[in-house]
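The structure appears right after this line, and notes come after that.
Rule-based calculations on the coordinates, nothing more; no lab input. Computed from a predicted model, the values in this text were never measured in an experiment. Note that each Cβ is placed from the backbone with ideal geometry, even for glycine, and that neighbours are counted across all protein chains shown.
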C-alpha cells in the first residue's frame with residue numbers, strides 16, 4: 001500500500017476531510033510542520049490535539065525565527081499585509097515545501113495538506129504550488145474536491161464529538177485577532 005504524508009495545520013481542519021482521505025485507501029502519517037504558529041505554547045496545544053486520532057504523527061521542529069526569516073522576501077513589514085495576501089502565500093510555500101522535503105527523504109508516494117481546502121487561504125495557489133512540487137520532487141500531490149460548506153459542517157460536527165480545541169486564527173501573530 002502507498003504512503004501519504006498529510007501536512008496538518010490543526011485537528012479541526014483534518015477532521016473536515018478525514019472521511020474523504022480514508023476512501024483513497026492509503027497509509028497515512030500526519031506531518032505537523034507549523035513554525036508559523038506564534039508561540040510554542042500554541043504549537044504544543046495543537047500537537048496534543050492531533051494525538052486524539054490514531055495516526056502516526058511526525059512532529060517537525062518548531063523554528064518560528066526561521067519562518068519569520070522566510071517572510072523577508074516581502075516588500076513590506078508582514079503585519080502590513082491582510083489575511084490571504086502575499087504574506088500567506090509565502091507561508092503556504094514554506095510549509096508545503098517542508099512537507100515535500102520530508103516526504104522525499106522518507107519515501108512517501110503522496111503528499112496532501114489540510115491547507116488545500118481552507119476557507120481562509122488561497123487554495124488555488126496552494127494546489128498549483130503542490131502540483132509544481134509534485135514535478136520537482138517526484139511525489140504525487142493529492143487534491144480533494146470538497147465544498148467549503150460541507151467541509152465546515154463535517155469539521156464542526158466531528159470537533160464536537162471529540163471535544164476538540166478550535167482556534168480562531170491560523171497560528172501566526174499577524175492573523176491573530178486581539
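Comparing 153, 134, 47 in a Gaussian network model of the chain where C-alpha atoms under 10 Å apart are linked, the largest mean-square fluctuation is found at 153.
Of the candidates 147, 29, 39, which one comes out as most mobile in a Gaussian network treatment of the chain with C-alpha springs shorter than 10 Å? Result: 147 has the largest fluctuation of those listed. Using every pair of separate Cα atoms, the Kirkwood estimate puts the hydrodynamic radius of the chain at 16.5 angstrom. Before anything else, pin down the relative contact order of the chain: Cα pairs under 8 Å, at least 6 apart, normalised by residue count, whole percent. About 31 percent, as a whole number. Residues 7, 64, arranged from fewest to most other Cβ atoms within 10 angstrom of their Cβ, appear as 64, 7. Between 65, 44, 127, the GNM of the chain built on Cα springs shorter than 10 angstrom shows 65 fluctuating the most. In Å, what Kirkwood hydrodynamic radius results for the range 76-178 from the alpha-carbon pair distances? Value: 15.2 Å, from the Cα pair sum. Estimated from helical segments only, the mean residue ellipticity of the chain at 222 nm is -13000 deg cm²/dmol, where each DSSP H run of four or more residues counts as -39500 (n - 2.57).
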